[in-house]
Structures are given as C-alpha cells and as structure tokens.
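The values are calculated or read from the model by the stated rules, or taken from the named source; none is laboratory data. Just so it is clear, the model here is predicted, and its values are computed rather than measured. Reconstructed Cβ throughout: ideal geometry from the backbone, glycine too, with neighbour counts over all protein chains shown. Heads up: the accessible areas ignore ligands, DNA and RNA and are worked out on the full protein's heavy atoms, side chains in. Shrake-Rupley method; radii C 1.70, N 1.55, O 1.52, S 1.80 Å.
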Amino acid sequence: MCASDFARTPQNQVRQKPGRAHYDRDTIYSILDEALSCHVGFVHIGQPYAIPTIHGRDGDVLYFHGGRGSRLLAHMQTGQPVCITATLLDGIVLARSVFHHSMNYRSAMLFGVGAVVDSLAEKFHALEVITNHVVPDRWADARKPTEKELGATAVVRVNILNASAKIRTGPPVDDPEDWQLPVWAGVLPLGLHALSPEADPALAEGIPVPSYVSAYSRSSP
Ligand SMILES: Cc1cc2nc3c(=O)[nH]c(=O)nc-3n(C[C@H](O)[C@H](O)[C@H](O)COP(=O)(O)OP(=O)(O)OC[C@H]3O[C@@H](n4cnc5c(N)ncnc54)[C@H](O)[C@@H]3O)c2cc1C
C-alpha cells in the first residue's frame with residue numbers, strides 16, 4: 001500500500017474476484033472523473049435511495065448541487081453516511097457459454113459523510129468544479145451565478161473517506177472444453193462519443209462552436 005492508497009477495510013475490501021480490485025486514488029479518481037454522472041446511495045428515514053446526479057471532484061472532496069427541496073440535501077443535513085458509485089462500460093463480453101458472458105467495465109465505489117455547503121465562496125467554487133467536470137473550460141466562458149441564483153442552489157460536499165475500484169478487461173473466459181463450439185465469442189467494445197453539436201435556435205449570430213465543444217471527449221487524452 002502506498003500513501004495514495006485507501007486502506008482496505010471490511011467496508012471497501014472487494015471479496016468477489018479480488019484480482020480486479022484497485023485501491024489507489026489515481027485509478028479510482030480517473031473513473032470518477034471520466035464518468036459524467038454517478039449514483040448517490042443513502043438511507044433517508046428508513047428508506048434506501050440511489051439518486052443519479054452530476055458530481056465534481058476537488059481532491060478528496062466530491063461536490064453535488066440541486067434544488068433547495070432536494071432529498072439528497074435533506075439527507076446531508078442529518079450528517080448520515082452516503083455511498084457513491086460511478087460505472088464506465090467498456091464492452092460486452094460474449095462467451096461461448098451463457099454462464100461466462102460478462103462486461104468489461106471500470107467502476108468505483110466511494111464512502112463518505114456529507115455536509116451542506118453554506119458559504120457563498122465555497123458554493124461558487126463547487127459550481128465551477130461541477131461545471132468543468134461536465135465540460136472542461138465551460139466555467140470561464142459562461143455567465144457566472146448571481147448571488148440570488150447561488151441562494152436558490154443547494155450545494156453538498158462529501159469528504160471521501162474510503163473507496164475501491166473494480167475493473168474487468170479482456171476476452172471471455174470460457175471453459176477449455178467449450179473452445180471448439182461453433183459459437184462466436186469475443187468482445188463488443190463500447191464507448192461514449194459526442195455527436196455533432198446542435199446550436200440553440202435562439203443563439204446570437206456569429207458565435208462559433210467553442211473548441212471545448214467541437215473536440216469534446218470523455219476519455220483521457
Ligand atoms: C444523469 C442525471 C444527472 C442529474 N443531475 C442532477 C444534479 O446535478 N442535481 C440534481 O438536483 N438533480 C440531478 N438529477 C435529477 C436527480 O436524479 C433527482 O431527480 C433530483 O435530485 C431530485 O431527487 P429527489 O429525491 O429530491 O426527488 P423527488 O422528486 O423528491 O423524488 C420523488 C420520487 O420521484 C422519483 N424520481 C426522482 N428522481 C428520479 C430520477 N432521476 N429518475 C427516476 N425517478 C426519479 C423517485 O421515485 C423518487 O422517489 C440528475 C438526473 C440524471 C439522470
């Protein structure tokens with residue numbers, strides 16, 4: 001274990017297929033940063049929820065935003081724990097046998113405790129982090145939130161206390177006695193790709209598509 005690794009505890013230790021586990025921040029955070037959205041899981045008044053939402057990361061802190069009536073916000077105000085997951089699908093794995101079909105994926109699971117962000121300065125910072133997470137460089141271009149807009153936006157921070165990643169790569173793993181079956185086997189790779197940008201019909205004339213839109217990609221260069 002190195003300094004950037006999360007400690008393995010009963011909470012984050014991968015037990016099923018432990019060879020696919022990763023505990024280092026670089027791997028875990030690269031998945032989180034590539035994923036456009038995540039799911040935040042929590043139990044609110046005895047009922048489990050898994051809410052899909054946008055996130056943004058700053059070091060070991062994750063930021064979320066939403067409306068003032070957000071259930072996530074209501075939960076965070078109680079100081080209870082949350083579990084966050086992000087999944088990237090890299091391929092469908094077709095084995096000769098149904099039993100060995102699988103998916104190539106990179107997924108991360110993080111554990112932490114949240115808090116509501118009250119300070120206007122941290123809210124402003126969090127919204128910059130979230131905006132640039134989705135579209136790098138967008139914050140510098142777009143109009144910034146007014147104090148009234150900041151007041152209408154709920155921002156939540158989660159300090160990441162523990163985490164793990166699980167990654168599957170490679171071809172199917174069929175039983176050797178099935179290798180000669182007349183059934184196609186292999187991987188159908190998947191990826192997230194942006195299509196052509198569609199300008200707002202109300203866009204003022206003469207505004208070119210910014211390079212951060214025309215060259216948009218989720219995967220690292
Ligand atoms: C990709 C993605 C990104 C999102 N990003 C954000 C974000 O950054 N901030 C934000 O505030 N919201 C975001 N949302 C919406 C978010 O999922 C919730 O709808 C929102 O946070 C309100 O949650 P709530 O529990 O307070 O809603 P409530 O309206 O109180 O939920 C009531 C019920 O409505 C249903 N419901 C609520 N949300 C969904 C949903 N998404 N899908 C299906 N059923 C639902 C459920 O049955 C739920 O129990 C995002 C959704 C998606 C899919």
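Overall, the range 74-147 carries a charge dipole of about 320 debye about its Cα centre when +1 sits on the Cβ of Lys and Arg and -1 on the Cβ of Asp and Glu, all other atoms neutral.
The slack in the chain from Glu147 to Ala204, taken as 0.36 nm per residue of separation less the alpha-carbon distance, amounts to 17.9 nm. Here each label is just a point 7 Å from Cα along the line to Cβ, and for Gln13 and Ser97 those points are 2.9 nm apart. Relative to the dominant Cα principal axis of the chain, helix 120-134 is inclined by about 40°. Round to the nearest 10 and give me the degree value, 0 to 90, for the angle of helix 25-34's Cα axis relative to the longest principal axis of the chain. Helix 25-34 sits roughly 70 degrees off the main axis of the chain.
With q set to 0.16, 0.19 Å⁻¹, the log10 of I(q)/I(0) for the range 66-221, from the Debye formula over equal scatterers at the Cα positions, is -1.08, -1.22.
Against the empirical curve 2.2 N^0.38 Å, the C-alpha radius of gyration of the range 1-131 lands at a ratio of 1.19.
Please report, in debye to the nearest 20, how large the charge dipole of the chain is about its Cα centre when each Lys and Arg carries +1 at its beta carbon and each Asp and Glu carries -1 there. Result for the chain is approximately 580 debye, rounded to the nearest 20. Across the accessible surface of the range 1-153, with the other protein chains kept in place and a 1.4 Å probe, carbon and sulfur atoms take up 56 percent.
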